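Heads up: the structure comes next, in structure tokens.
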Amino acid sequence: MSTIAAISTAIGTSGIGIVRMSGDKSFYVLNKIFKPKKDFNIDEIKGYSIKYGYIMDEDRVIDEVLVSFFKAPSSYTTEDLCEISSHGGTFVVKKILELCLKNGANLAEPGEFTKRAFLNGRIDLSQAEAVIDIINSRTDKEAKSSINQLEGSLSRQIGKIRDLLMQIMVNIEVSIDYPEYDEANEIQSTNTLQILQEVKENLESLEKSFENGKIIKEGIKLALIGKPNAGKSSLLNAILQEERAIVTAVEGTTRDTIEEDVSINGIPLHIIDTAGIRNSTNEVEKIGIEKSRKMAQDADLIIAIFDCSTELTNEDLEILKLLIGKKCIVVLNKVDLGINKVNKSAFKPVADSSNIIEISAKEGIGIEKIYDKITEMFNINEISLDDSTIVTNVRHKNIIVKAIEYTNNAIDDIKKNVPMDIMSISVKEILEELGKITGESVSDEIIKEIFSNFCLGK
Ligand code: GDP
């Protein structure tokens, strides 16, 4: 592979800047532009050593630098690699890079150092992808899950599943080689089924971890909907425990939306209090209504509020329609009035009885139950923030979903007594899919695309 060079630090005024070079010739390229304070033989340089000196453009001193040497295979890329630490700033680092290129190095593509670490087998693809996630992390939790992935937590999980699948492949070989042992074959197939169930459980828990990962990263988007005067603002206030939203008996005050962030057990909840959904001729209100519909559509969870002291109206039924197929909680408000005119059977198509909660927003009754329900619906208590394997990458998640599909096919095959060698096709497909996460069975285009998202010099 050619010798590559790039500026690894952000360009701009800074204390130091680093130009990195990797490849067979990197020390020789360096030798042409580096004048050490104390002479040494470049062929005898030790890995993990640092030399002090000057970068020279022929007779001109460009900067005073420190060069760190990493010898193959103990380097980021597993190749001979050196890092020239100069003063920061735009001119000097660019000039040093230019000198490297002039003396035989090629300009590295974005992510090429990490790509080499992958191609040379030091890390697998999921670990390489973790590098970019670490760089892009905005929160402590994101960084933590990325560093776990870099340290191989996902790779280990995938490895565990692969081992199980390899066990199945061995079973299959046995039953193909000794078809005459019926009894043995029966045992093999029961055993294979058990292993496949285990594979499925493991994959499903990885898939589930993606939902958790998304919640940790983005929080839950909650839309509060209900007809005017049902008590949306009052509930929001009760949740926020402060009078931030205007509570009034006049319809349409909450014409636009109010958005608030709260946190339930450390999980961010982004609440959108929508305008009452109503049949209105008023243009301005219509805009509000459309917005409500849209928000209900985009939400991860809808809380629909109904006033239990009055009978359900057509408007209420319109609101019910928005809940179809969505995660929702039906809230019956104003229980403090002691009047119950709402027949719960009306909610049957959208919520079972455990998802119907009676409250009084005004008196603060039942609010805790809403919290408990949200916690239960999103498995918030189960989301261990220290959980070592959280799938956060959509590419990985899609692969896992596909692998679950193939696992189900294999399980079906066994249940239908399909011959083992045919069933093995599905098992090979699962292995192939998982190899796309770790990088064994992934196309060059995908590898190219993944690394093109990296920054230069990484
Ligand atoms: P919104 O239009 O859905 O936002 O409804 P509001 O929260 O503004 O409430 C409408 C009216 O119902 C106000 O007069 C509230 O005081 C009243 N209200 C809200 N929640 C309750 C409740 O739990 N009990 C009673 N008795 N009145 C309530």
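Report, by chain and number, residues whose modeled amide H sits under 5 Å from the one on Ile365, excluding near sequence neighbours (fewer than 5 apart, same chain).
Under 5 Å from the amide H of Ile365 lie the amide H atoms of Ser360, each far enough along the sequence or on another chain.
Whole-Hz ³J(HN,Hα) for each residue in region 420-430, computed from phi via Karplus 6.51 cos²θ - 1.76 cosθ + 1.60 with θ = phi - 60°, x for glycine and proline: what do you get?
Calculated HN-Hα couplings, in order: 4, 5, 6, 4, 4, 4, 5, 4, 5, 5, 5 Hz.
Return the FRET efficiency for the residue pair Arg156, Glu318: r is the Cβ-Cβ distance, R0 is 56 Å, and the value is rounded to the nearest 0.05.
The calculated FRET efficiency here is 0.65.
Tyr54's amide H: which non-local residues (gap 5+, or another chain) put their own amide H closer than 5 Å, with H modeled 1.01 Å from N in plane and none for Pro or chain starts?
Placed amide hydrogens put Lys35, Lys37, Val65 under 5 Å from Tyr54.
Enter the accessible area of Cys328 (Å², nearest 10), with the probe set to 1.4 Å and all protein chains included.
0 Å²
Output the pairs from Lys214/Lys448; Lys51/Lys71; Lys227/Lys327 with a Cα-Cα distance over 22 Å in this structure; if there are none, say none.
Lys214/Lys448
Taking only the alpha-carbon atoms of region 4-108, what semi-axes of the equivalent ellipsoid follow from 5 times the gyration tensor eigenvalues under a square root, in whole Å, largest first? Walk me through the numbers before you get to the answer.
On the way: eigenvalues 73, 48, 33 Å².
Three semi-axes, in Å: 19, 15, 13.
Quick one: angle between helix 182-218 and the longest Cα principal axis of the chain, in degrees between 0 and 90, rounded to 10, please.
80 degrees
Would you mind checking which residues have amide H under 5 Å from Ser8's amide H? H placed 1.01 Å from N; only 5 or more apart, or other chain.
Residues meeting the criterion, in which the H sits 1.01 Å from N, are Ile18, Val19, Arg20.
Give the longest segment of the chain that steers clear of GluC sites (Glu not before Pro) in DSSP loops with at most 14 neighbouring Cβ atoms within 10 Å, not counting the sites themselves.
Result for the longest clean stretch: 59-150.
For Asp163 and Ile147, compute 0.36 nm times the residue count separating them, minus their Cα-Cα distance, and round to one decimal in nm.
Numbers: separation 16, 0.36 × 16 = 5.76 nm, distance 2.42 nm.
Working it through step by step, the gained length comes to 3.3 nm.
Among the lysines, which fall within straight-line cross-link reach of Lys416, defined as a Cα-Cα distance under 30 Å, with same-chain neighbours fewer than 8 residues apart omitted?
Counting by Cα, and skipping residues close in sequence, Lys416 has these lysines nearby: Lys160, Lys200, Lys208, Lys397, Lys402, Lys428, Lys436.
Heavy-atom accessible area per residue, the chain, 1.4 Å probe: how many Å²?
Per residue, the chain has an accessible area of 50 Å².
Considering the zone a paramagnetic label at Asn453 would reach in this model (a point 7 Å from Cα along the Cα-to-Cβ line), which residues of region 109-150 have amide N under 13 Å from it?
Zone members listed by number: 126-137.
Quick one: pull the percent of accessible area on the chain belonging to carbon and sulfur, 1.4 Å probe, ligands and nucleic acids left out.
Summing carbon and sulfur atoms, their accessible area is 49 percent of the total for the chain.
Ratio of alpha-carbon Rg to the 2.2 N^0.38 Å globular estimate for region 18-169, to two decimals, please. Write down the numbers at each step before the final one.
Values: Rg = 19.0 Å, N = 152, 2.2 N^0.38 = 14.8 Å.
Here the Cα radius of gyration is 1.28 times the empirical estimate.
In whole Å, how far is the Cα centre of region 1-56 from that of region 389-458?
Here the two parts' Cα centres lie 40 Å apart.
Pick out, from Leu206, Gln241, Val442, the residue whose Cα sits farthest towards the positive end of the charge dipole of the chain, with +1 on the Cβ of Lys and Arg and -1 on the Cβ of Asp and Glu.
Gln241
Name the residue from Met377, Gln197, Thr3 whose Cα lies farthest towards the positive end of the charge dipole of the chain, charges +1 on Cβ of Lys and Arg and -1 on Cβ of Asp and Glu.
Positive-most Cα among the choices belongs to Thr3.
Please give the per residue volume of the convex hull enclosing the alpha carbon atoms of the chain, rounded to a whole number of Å³.
Given the Cα convex hull of the chain, per-residue volume reads 209 Å³.
The values are calculated or read from the model by the stated rules, or taken from the named source; none is laboratory data. What you are looking at is a predicted structure, and each value in this text was computed from that prediction instead of being measured. Ideal geometry is used to build each Cβ from the backbone, glycine not excepted, and the neighbour counts take in all protein chains shown. Heads up: the accessible areas ignore ligands, DNA and RNA and are worked out on the full protein's heavy atoms, side chains in. Shrake-Rupley method; radii C 1.70, N 1.55, O 1.52, S 1.80 Å.
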